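Have a look at the structure below, then the notes.
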Amino acid sequence: MPLDHRRLCGPEESQPPSLWAALAAEDEDEEGAGAAPRDPCSLRPLFARAGLLSQAQGSAYVELGSGTKVLCAAWGPREAAEPGPGRLLCEFRRAPFAGRGARGRPGGLAEREAEREAAAALREALEPAVRLGRYPRARLAVSALLLQDGGSALAAAVSAAALALADAGVEMYDLAVGCALCRPPAATAAAWMLQPAEPEERRAAARLTLALLPALNQVSAVLGGGQGGPPEDWAQALRLGLDGCHRQYPVLRQSLLRAAQRRDAAAAATAAAASVA
């Protein structure tokens, strides 16, 4: 029997969509009230790697234990048309498959506005870390792509973008390290939680994301909102977030050092091969 090439060949067997919806609901229930409570001061496992993309001058990949995955690329100074000090251009985009469950229309107004706000927050967190005065009449560009949103996405993007800029050879005062916190609803005064997962963020009464330059002990950005209680509670959240940034800093530094060592080893191997030829 001849094939009809105008039709897409589907699988021989299929399952109703309601089956997968039930599985997703079970996973969400497990992450919710049925899950064992974790230490609110504990950090999730962090994986960072710099120098992955050959098409960009600098790149970095950051993954959190909650499932958040961010890929960043950075491009060094390029001549700008307008005179003045250097400018940092930031872009934040979500992959179509980044979120779980139902998703709005790709490229819709709400999604574009959320990406625009995230890009502005990313620029606010990174500008104090970059020595823009050393790049007059130039622009630096960094692009962050959220591959999977498991919670604390903006904080992971800040760390990945700082790594990508440093990997590109951009002069910086220090690496900007991001850390996110949330306060569960109807919680006690000491219930701020480090690096919340996506279900925890969705149910949170208050959220806080901060960026720190650990070597200078300088906060570059604080973004938060919600009902967090009296000012003492917000001060406690800031102290907890600063401690989280300091604890992540060695991991990011080591990933940048390993990228430089790989680059030096590759250059040495290339030079040795050229001398032999």
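The values are calculated or read from the model by the stated rules, or taken from the named source; none is laboratory data. The structure displayed is predicted, hence computed values, not measured ones. Side chains included, ligands, DNA and RNA excluded: accessible areas come from the protein's heavy atoms. Shrake-Rupley method; radii C 1.70, N 1.55, O 1.52, S 1.80 Å.
Normalised per residue, the accessible area of segment 38-272 is 47 Å², obtained with a 1.4 Å probe and no contribution from ligands, DNA or RNA.
For segment 38-272, what relative contact order do you get, as a whole percent, if you take Cα pairs closer than 8 Å and at least 6 residues apart?
23 percent
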